[in-house]
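**Student:** The structure under discussion is supplied below as structure tokens; questions concerning it will follow.
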Amino acid sequence: MDSHTIGKMTEGNRAPWYYLVLLILAGESVFILPFVLQRVFRPTFLKVFELTNVELGLCFSVYGFVALVSYLFGGPLADKFLPRKLIAFALWCTAAGGVIFATFPNYRSLQLLYGFWGFTTIFLFWSPMIKATRVWGGEKAQGRAFGFLDGGRGLVGALFGTLGVLVFSFFMTGDLDTASLADSRFAFRKVILVSSGIVALVGLLVWFFMKLPGSLEKEITIEKITISQIGEVLRLPSVLLLMIIILCAYVGYKLTDDISLYAQDVMLYDEVDAAKTGTFLLFIRPVIGITIGILADRSRPSLWLLISFLIAFAGSTLFATGLVVNTSAFVFLISIFILAAGVYAARSLYFSVMQSGRIPLVLTGTAVGLISLIGYTPDIFAGPAMGYLLDNSPGLEGHKQVFMMLAGFSLMGALAAYRYFKLYGIKKDERA
């Protein structure tokens with residue numbers, strides 16, 4: 001059964017609107033503990049866990065190595081079992097890890113915890129989420145499905161970030177500039193525990209309410225994945241190009257973790273103001289995701305993917321050349337917006353072009369697993385690379401080098417996106 005036939009079937013028997021809402025809630029909640037908290041609170045995170053930038057990067061490397069294996073084997077799992085069950089279980093396991101996280105384990109234990117999260121968020125969660133989103137989008141709304149997913153995830157992340165800042169500020173006693181390690185840990189523990197409780201609650205909502213019509217659930221699962229089917233997926237040019245496209249886009253996404261630290265080191269913001277800058281970054285994501293999703297469905301998703309990489313290149317070049325130094329808060333935020341617009345637009349769109357790339361829906365999990373095996377390797381190298389650059393060139397110079405790296409990958413992503421557009425963009429436009 002080919003992807004076009006399946007697309008028509010899903011259009012006639014479509015998943016309800018709240019299915020996507022639950023996907024959005026789950027899609028960001030599962031990454032709050034391992035990623036969002038350190039993105040918003042990076043200076044505080046380094047302080048309370050007593051880590052260097054390199055050590056934090058190596059925690060992400062452990063996550064990345066576990067994720068690498070999980071992508072490969074978790075993909076076929078998503079084609080065999082219903083997304084609802086896998087996603088709910090992943091959320092509960094991730095929340096359980098948050099309880100350990102709140103004890104501020106030592107460096108080695110923290111690495112093991114990140115390895116555990118690599119299993120819960122990828123093996124159990126990633127491919128089911130992508131497949132469920134593609135099911136919701138059907139034949140004609142892939143841009144909206146993935147744009148709303150990533151934009152909605154950005155909004156959820158921003159709300160988590162805002163809530164985290166409020167909780168941290170409420171429980172932080174004394175002056176922020178002179179706060180002791182114990183004071184910071186007391187406040188940050190509350191942030192972790194509140195986040196863990198919400199993640200577990202979302203798991204319950206998914207289990208009980210994220211259901212598909214019965215016939216549709218049968219259409220999107222397969223009893224057994226064969227070697228020949230895996231070979232069929234690997235031979236698709238779209239799969240190989242998406243490996244490169246996602247790798248480049250994901251490097252950009254990972255390196256935006258530097259923004260809150262840049263605010264503290266270069267713009268000289270305090271802990272709370274630096275966290276607010278990180279939260280502002282998160283609020284950009286829903287605006288870009290929703291906007292780019294609507295635009296993509298009205299024209300060519302692969303064209304907008306190319307434009308996104310070019311914008312990311314322009315934004316990262318602003319920071320890499322040292323132009324964003326000693327500027328007003330307004331100029332700083334505008335520069336962040338340009339960079340984030342390109343990075344988040346590319347992130348929103350890269351899976352939306354699977355439909356035009358002729359990847360069968362029933363094998364979406366397997367395809368996502370294979371693509372992600374290469375595409376998400378930045379989980380292994382991006383964190384340590386950023387940490388190395390920042391720790392070995394303190395101050396502005398290290399941050400400039402991080403954004404030079406981002407600019408290089410954005411340019412490479414633009415080249416791959418251009419090739420994808422030449423192969424599939426026109427055909428997608430004709431079918432729309």
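The values are calculated or read from the model by the stated rules, or taken from the named source; none is laboratory data. In this text the structure is predicted, and so the values were computed from the model without any measurement. Virtual Cβ from ideal backbone geometry, glycine too; neighbours counted across all protein chains shown. For the accessible areas, the whole protein counts, side chains as well, though only heavy atoms, and no ligand, DNA or RNA atoms are used. Shrake-Rupley method; radii C 1.70, N 1.55, O 1.52, S 1.80 Å.
**Student:** Are there any pairs with C-beta distances below 7 angstrom linking a residue in the stretch 102-121 that is over 12 Å from Val48 (Cα atoms) to a residue that is open to solvent by 10 Å² or more (accessible area, probe 1.4 Å) and not in a helix (DSSP H, G or I), with the two at least 6 apart or on different chains, and if so which?
**Tutor:** Close Cβ pairs satisfying both conditions: Leu110/Phe49; Leu113/Pro105.
**Student:** Moving on to the next point. If I go through the stretch 132-151 residue by residue, how many of them are of a type outside the set (Ser, Thr, Tyr) and in contact with a Leu (Cβ under 8 Å, 6 or more places away or on another chain)?
**Tutor:** The number of residues fulfilling the criteria is 10.
**Student:** Hey, could you check the stretch 260-291 for residues that are more than 16 Å from the chain's Cα centre (by Cα) and of a type in the set (A, V, I, L, M) and say which is nearest to Leu155 (Cα to Cα)?
**Tutor:** Ranking the candidates gives Ala275 first.
**Student:** Report, by residue number, each residue of the stretch 37-72 that is more than 23 Å from Leu181 (Cα to Cα) and β-branched (Val, Ile, Thr).
**Tutor:** Val62, Val66, Val69
**Student:** Okay, next question. Ile380 fails exactly one of the following numbered conditions: (1) within 17 Å of Gln264 (Cβ to Cβ); (2) open to solvent by 10 Å² or more (accessible area, probe 1.4 Å); (3) touching a Gly at 6+ places or on another chain (Cβ under 7 Å). What is the number of that condition?
**Tutor:** Against the list (1) within 17 Å of Gln264 (Cβ to Cβ); (2) open to solvent by 10 Å² or more (accessible area, probe 1.4 Å); (3) touching a Gly at 6+ places or on another chain (Cβ under 7 Å), Ile380 comes up short only on (1).
**Student:** Looking only at residues in the stretch 232-249 that are in contact (Cβ under 8 Å) with a residue 60 or more places away in the chain and open to solvent by 20 Å² or more (accessible area, probe 1.4 Å), which one is farthest from Leu349 (Cα to Cα)?
**Tutor:** Among residues in the stretch 232-249 that are in contact (Cβ under 8 Å) with a residue 60 or more places away in the chain and open to solvent by 20 Å² or more (accessible area, probe 1.4 Å), the one farthest from Leu349 (Cα to Cα) is Glu232.
**Student:** Does any residue of the stretch 395-405 turn out to be crowded, with 22+ Cβ neighbours inside 10 Å and of a type in the set (D, E, K, R)?
**Tutor:** no
Residue-wise test of (1) modelled with pLDDT under 85; (2) polar (S, T, N, Q); (3) touching a strand residue (DSSP E or B) at 6+ places or on another chain (Cβ under 7 Å); (4) under 16 Å from Ala145 (Cβ atoms).
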{"site": "Asp2", "(1), (2), (3), (4)": "yes, no, no, no"}
{"site": "Gly7", "(1), (2), (3), (4)": "yes, no, no, yes"}
{"site": "Gly12", "(1), (2), (3), (4)": "yes, no, no, no"}
{"site": "Trp17", "(1), (2), (3), (4)": "yes, no, no, yes"}
{"site": "Leu22", "(1), (2), (3), (4)": "no, no, no, yes"}
{"site": "Ser29", "(1), (2), (3), (4)": "no, yes, no, no"}
{"site": "Leu33", "(1), (2), (3), (4)": "no, no, no, no"}
{"site": "Lys47", "(1), (2), (3), (4)": "no, no, no, no"}
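**Student:** I've got another one for you. What is the one condition in (1) farther than 25 Å from Ala145 by Cβ; (2) open to solvent by less than 10 Å² (accessible area, probe 1.4 Å) that Tyr350 does not satisfy?
**Tutor:** Single failed check for Tyr350: (1).
**Student:** When the residues of the stretch 252-302 are narrowed to those that are free of Cβ contacts under 8 Å to residues at least 40 places away in the same chain and outside any helix (DSSP H, G or I), which ends up farthest from Phe35 (Cα to Cα)?
**Tutor:** Looking at residues that are free of Cβ contacts under 8 Å to residues at least 40 places away in the same chain and outside any helix (DSSP H, G or I), I get Leu268.
**Student:** In this structure, is Gly357 part of a helix (DSSP H, G or I) and open to solvent by less than 30 Å² (accessible area, probe 1.4 Å)?
**Tutor:** no
**Student:** Only one of (1) at pLDDT 75 or above; (2) open to solvent by less than 10 Å² (accessible area, probe 1.4 Å); (3) over 30 Å from Ile284 (Cα atoms); (4) not acidic (Asp, Glu) fails for Ile220. Which number is that?
**Tutor:** All conditions pass for Ile220, except number (1).
**Student:** Among the residues of the stretch 262-276, write down those that are open to solvent by 10 Å² or more (accessible area, probe 1.4 Å) and either of a type outside the set (A, V, I, L, M, F, W, C) or in contact with a helix residue (DSSP H, G or I) (Cβ under 8 Å, 6 or more places away or on another chain) (or both).
**Tutor:** Gln264, Asp265, Val266, Met267, Tyr269, Asp270, Glu271, Val272, Asp273, Lys276
**Student:** Moving on to the next point. Residues that are at pLDDT below 90 and surrounded by fewer than 18 Cβ atoms within 10 Å (Cβ to Cβ): which helices (runs of 4 or more DSSP H) entirely in the stretch 73-188 hold 1 or more of them?
**Tutor:** 83-101, 142-171
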